[in-house]
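Enquirer: Questions regarding the structure given below will be posed in turn.
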Amino acid sequence: MTESKREMWFEARGELSPDVGGRWRMEQGNLVAELAREEFPDGTFVGGPPSEAQLQPTRPLFEVRFSVGDMTIRVDVLRPASSHGSSSHGDSAQGWVLTEVKSSTMTSRSSRKRARQDVAFQAYVLSEGGLPLEAAEVMHLNPEYVHPGDGDLFARTDLTGELDEQIQEARERAPEFASVLRRDEPPNLWPSRACNTCGCPEPCHSLPEHSVLTLPRLYYGHLDEIIEEGRWTLEELQGHSHLKPKHENYIQAAQAGEPYIDTSEVRDALSELEYPLYFLDFEAIDYALPPFEGTSPWEKVPFQYSLHVVEEGQPLSREEVAHKEFLWTEEGDPRRPLAERLVQDIGPEGSIVVYNATFEKGILEDLQEAFPQWEDRFESYTHRLWDQGEIFRQGHYVHPSQKGSWSLKKVLPAFDPDLKYDDLDVQEGMEAVVQYSRMISPETSDSEAREIEEDLLEYCEQDTWAMVVIHRSLTELL
């Protein structure tokens, strides 16, 4: 219900493929769905439209497909109301309970909103089809669960009587969506904010290299207003009341064709560094169903790190800078051997340079909690973190080639165009996760596992060397 109409059109025709991260989440979701069915041991897997006999509310049904007009839904679990476990819905088995299974922990506002929309649309279609529905709920992973058995793996959120607004929204929008899906050609979104994130295989408009859509971190409400005004080019945007200094800096850089640099801010940021410098990057895997003792659903488990160590005054060439690395290549929990190596590789003094500190800080805090024998060391590491990405996120350095992004992969070409991720077999974090899961799988041959190991080491090293290159360039600029 939350995707664009154009994406919906392509998805309905099987032409919108999920990215590597989407496929990983789908695989994890399938594992959760299988386990959730075990909560209803007398259930029947349907996997399609139900028969008349199955529609007598006597036992739970799994993966049930219903179609009403142009609307089709797939219900994860549909079970007799008498099994709902709440006297408020009565003990009669005349109606059904709709259970939507989510592999998320439902801790974010967006995930809760999406779940309510999904359940509301299913409830609306079932009511249109004449199926007596007495209750609706979401069954999701419990964020408080700790493997192997501390608490319940699943939690349930009862939405009965709370979906009137969402059901009304579904009722009003269903004819519009049905009309879109009946079209021979996909709907055109241009001009709209959705053009910025559209994942459709065919663009409906050729976007300029620099436009309102590439302005860095522009508030969505302001973006919508500017689009309504018909302003797209940087020339039309100059001086707009919604623009902040970071936007004006980007416009200046794009029009000049050279970087905007606030040397005072960059100098102040670099002055915070204390030698030796440890350029650190983790790779971590998150499982919906936690496999390791002491971990929770979707907890990020580090399996690899790269570390470049720079001493004060030393030449910053790849041959001169010390590099240390770790990659767990066996089955089982990688955290302890990783932690043991990390406390050997990072000394007691010096800044730990990362790119987007939120991720690395979270990993270090989890390791601190998991291994109290090194609590002081990991706490020290979190205090010594220095986020190189802040220079670019705050707009103190803006290169037109970034196109409004401050991600490491977009920033790096401004400093070394020859150092490319496109040349690597593993090119981004979720791909590293998927490849790691393949590497440790018993079904993967030894030769293939060694090849993946080399690819992962090369990718992770690229991230930390990229930070060294950026540091070297910024220092030379000043």
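Enquirer: Nearest 0.05, what FRET efficiency do GLU11 and ARG109 give at R0 = 22 Å with Cβ-Cβ as r?
Expert: Given R0 = 22 Å and the Cβ-Cβ separation, E is 0.35.
Enquirer: Tally Lys and Arg at +1 and Asp and Glu at -1 over the other residues with C-beta under 9 Å from the C-beta of PRO400: what net charge comes out?
Expert: Counting the neighbours of PRO400, the net charge comes to -1.
Enquirer: Something else: For segment 1-143, what Kirkwood radius comes out of the mean inverse Cα-Cα distance, in Å?
Expert: Values: mean 1/r = 0.0616 Å⁻¹.
Value: 16.2 Å, from the Cα pair sum.
Enquirer: Now for a separate question. Per residue, how much accessible area does segment 289-388 have with a 1.4 Å probe, in Å²?
Expert: 47
Enquirer: In whole percent, how big is the carbon plus sulfur part of the accessible area of the chain, probe 1.4 Å, protein atoms only?
Expert: The nonpolar share, carbon plus sulfur, comes to 44 percent.
Enquirer: Once you keep just the Cα pairs under 8 angstrom separated by 6 or more residues, what percentage relative contact order results for the chain? Each step should come with its number before you reach the end.
Expert: Details: 738 pairs, mean separation 60.2, N = 478.
Computed over the chain, the figure is 13 percent.
Enquirer: Take each of the peptides 112-118, 41-47, average the number of other beta-carbon atoms within 10 Å over its residues, and list them starting from the highest. Intermediate results must be reported in sequence, preceding the final value.
Expert: Working: 112-118: 17.3, 41-47: 12.6.
Peptide ranking by packing, descending: 112-118, 41-47.
Enquirer: Take the Cα coordinates of segment 323-478, assign each an equal point scatterer, and use the Debye formula without solvent to give log10 I(q)/I(0) at q = 0.09, 0.16, 0.18 Å⁻¹.
Expert: -0.35, -1.05, -1.24
Enquirer: Oh, and also: What ranking, highest mean first, results for peptides 394-407, 193-206 when packing means the other Cβ atoms within 10 Å averaged over each residue? Mind showing how you got there, number by number?
Expert: Details: 394-407: 19.9, 193-206: 14.1.
In descending order of packing, they fall as 394-407, 193-206.
Enquirer: Stokes-Einstein D for the chain at 20 °C, 1.002 mPa s, Kirkwood Rh over Cα pairs, in µm²/s?
Expert: The estimated diffusion coefficient comes to 83 µm²/s.
Enquirer: Still on this structure: With a Förster radius of 41 Å, plug the Cβ-Cβ distance of GLU235 and GLU458 into 1/(1 + (r/R0)^6) and report the FRET value to the nearest 0.05.
Expert: About 0.45, to the nearest 0.05.
Enquirer: At 222 nm, what helix-only mean residue ellipticity would the chain give, in deg cm²/dmol to the nearest 500, using -39500 (n - 2.57) for each DSSP H run of four or more?
Expert: About -12000 deg cm²/dmol.
Enquirer: I would also like to ask the following. Would you list, by chain and number, the lysines whose Cα falls below 19 Å from the Cα of LYS361, excluding same-chain residues fewer than 8 positions away?
Expert: List returned: LYS300.
Enquirer: If you don't mind, there's one more thing I want to ask. What length, rounded to one decimal in nm, is gained on full extension from ALA53 through to GLU39, with 0.36 nm per residue of separation minus their alpha-carbon distance?
Expert: Working: separation 14, 0.36 × 14 = 5.04 nm, distance 2.26 nm.
Gain on extension, ALA53 to GLU39, equals 2.8 nm.
Enquirer: Right, another one. Net charge near TYR145: determine it from the other residues with C-beta under 11 Å of the C-beta of TYR145, scoring Lys and Arg +1 and Asp and Glu -1.
Expert: Its environment carries a net charge of -4.
Enquirer: I've got another one for you. Leaving out same-chain residues fewer than 8 places away, which lysines sit with a Cα under 18 Å from that of LYS409?
Expert: Within reach: LYS420.
Enquirer: So what is the accessible area of segment 98-181 per residue, in Å², with the probe set to 1.4 Å?
Expert: Here the per-residue accessible area is 48 Å².
Enquirer: In addition: Which net charge results when you count Lys and Arg as +1 and Asp and Glu as -1 among the other residues whose beta-carbon is under 14 Å from that of ASP164? Each step should come with its number before you reach the end.
Expert: On the way: positive: ARG116, ARG171; negative: GLU162, GLU165, GLU169, GLU172.
Every neighbour counted, the sum reads -2.
Enquirer: Ok, one more. In nanometres, what is the gap between the two model label sites at GLU319 and ARG393, each 7 Å from Cα along Cα-to-Cβ?
Expert: Label at GLU319, label at ARG393, 3.7 nm between them.
Enquirer: Applying a 10 Å radius around every beta-carbon, put 349-358, 433-442 in order of their mean neighbour count, most first.
Expert: 349-358, 433-442
The values are calculated or read from the model by the stated rules, or taken from the named source; none is laboratory data. These numbers come from a predicted model, not from an experiment. A quick note on method: Cβ atoms are made from the backbone with ideal geometry, for glycine too, and the neighbour counts reach across all protein chains shown. Accessible surface areas use protein heavy atoms only, side chains included; no ligands, DNA or RNA. Shrake-Rupley method; radii C 1.70, N 1.55, O 1.52, S 1.80 Å.
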